[in-house]
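Have a look at the structure below before the remarks.
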Amino acid sequence: MELRVLGAALIVGACLWAFFGLADEVMEGETHDLDAALLLALRNPNDLSDPIGGVAVEEMARDITALGGVTIVAGVTIAVCGLLWLMRKRRTSLFVALAVTGGAILSTGFKQFFDRPRPDLVPHEVLVHSASFPSGHSMLAAVTYLTLATLVASVEARQAVKIYVIAVAVLVVIAVGFSRVYLGVHWPTDVAAGWTAGTAWAIGCWGVARWLQRRGDIEPAPPTQP
């Protein structure tokens with residue numbers, strides 16, 4: 001087994017261990033004090049309806065949080081799948097669509113299973129209608145952008161492009177998760193759980209894609225170039 005695949009398996013295992021360990025602590029109420037302290041740290045202590053940073057930062061957070069919403073995630077996925085299709089990477093395009101869709105279904109299933117209430121310490125700055133754990137926006141962002149980045153990188157020959165694509169995806173995932181806490185609609189542990197579960201799914205999909213490439217079931221990766 002090549003070292004990269006072994007490394008990916010270790011990352012998936014570590015993320016799953018972290019996710020279920022965190023879920024256990026959350027369900028037992030062990031994380032409430034830390035969650036509350038971090039959530040309140042992002043608010044004006046004299047007015048909990050006022051996130052720190054002012055109106056401009058608040059508006060920026062709303063823009064960023066939309067990157068983890070279903071509409072944007074679906075649009076980005078369709079756009080990338082269309083690009084791969086035009087590049088004649090059609091089996092890879094179908095795999096990407098299935099990977100992201102599967103991750104979205106898993107996120108919904110987790111929410112329904114854990115059914116954690118939303119934070120009630122501060123007013124919500126955006127509308128929400130589902131359970132809190134794990135953060136759907138954070139998990140969807142990790143599932144989508146990390147899956148897309150790793151799979152697009154797998155059909156790109158230039159190492160610099162691979163690193164750039166993955167780095168941008170990581171930054172987007174972090175920004176989306178932070179925005180959910182800043183806007184008061186998630187506990188920090190919801191976001192951490194979304195990140196770990198989404199990362200495990202994305203890296204797992206990358207490993208499956210590598211295996212399928214070696215079998216010839218999807219388009220092979222090109223030789224790596226500097």
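For the chain, what are the DSSP H helices with axial Cα length of 15 Å or more and mean Kyte-Doolittle hydropathy of at least 0.0?
Details: long enough: 3-27 (36 Å, 1.66); 54-65 (17 Å, 0.19); 70-86 (24 Å, 2.36); 90-114 (37 Å, 0.78); 159-182 (35 Å, 1.88); 188-215 (41 Å, 0.02).
Qualifying helices, which must be both long enough and hydrophobic enough, are 3-27, 54-65, 70-86, 90-114, 159-182, 188-215.
Amide H to amide H distances under 5 Å link ARG158 with GLN225, where only residues 5 or more positions off or on other chains count and H is placed in the peptide plane.
Show VAL185, VAL55 ordered by accessible area, largest first, where the area counts protein heavy atoms only and the probe is 1.4 Å.
Putting VAL185, VAL55 in descending order of accessible area: VAL55, VAL185.
In this simple spin-label approximation, LEU171 and ARG215 carry label points 7 Å from Cα along the Cα→Cβ vector, and these lie 3.7 nm apart. Annotation: amide H of ASN44 within the under-5 Å range of ASP50, ILE52, sequence separation 5 or more or interchain, hydrogens built in the peptide plane. Three principal axis extents of region 57-107 based on alpha-carbon atoms, in descending order, are 41, 25, 11 Å. Taken per residue, the accessible surface of region 101-197 reaches 39 Å², heavy atoms only and a 1.4 Å probe. In a simple Cβ point-charge model (Lys, Arg +1; Asp, Glu -1; nothing else charged), the chain has a dipole of about 1460 debye relative to its Cα centre. Considering the dipole of the chain built from charges on the beta carbon (Lys and Arg +1, Asp and Glu -1) around the Cα centre, which of THR77, PRO123, VAL12 is farthest to its positive end? Value computed over the given set: THR77.
Determine the share of region 77-226's accessible area contributed by carbon and sulfur atoms, expressed in whole percent, with a 1.4 angstrom probe. It would help to have the intermediate numbers written out before the result.
On the way: 4790 of 6850 Å².
That share works out to 70 percent.
What residues of region 176-199 lie in the reach of a label at GLU30, counting those whose backbone N is under 16 Å from a point 7 Å from the Cα along Cα→Cβ? From region 176-199, the list is 189-190, 193.
Here the contact order of the chain, divided by its residue count and restricted to Cα pairs under 8 Å and six or more residues apart, works out to 30 percent.
The order of TRP85, TRP206, TRP201 by accessible area, most exposed first and with a 1.4 Å probe, is TRP85, TRP201, TRP206. Between the beta carbons of LEU3 and LEU48, assuming R0 = 41 Å, the FRET efficiency works out to 0.25 to the nearest 0.05. Within the set [x] 16.8, 49; [y] 17.7, 57; [z] 18.5, 61, the number that Rg and Dmax of the Cα atoms in Å takes when calculated for this structure is listed as [z]. When nucleic acids and ligands are ignored and a 1.4 Å probe is applied, PHE114 ends up with an accessible area of around 30 Å².
The values are calculated or read from the model by the stated rules, or taken from the named source; none is laboratory data. Only a predicted model underlies this, so the values are computations on that prediction, with no experimental measurement involved. Cβ: placed from backbone, ideal geometry, glycine included. Neighbour counts: every protein chain shown. Note: accessible area is taken over every heavy atom of the protein model, side chains too, but ligands, DNA and RNA are not part of it. Shrake-Rupley method; radii C 1.70, N 1.55, O 1.52, S 1.80 Å.
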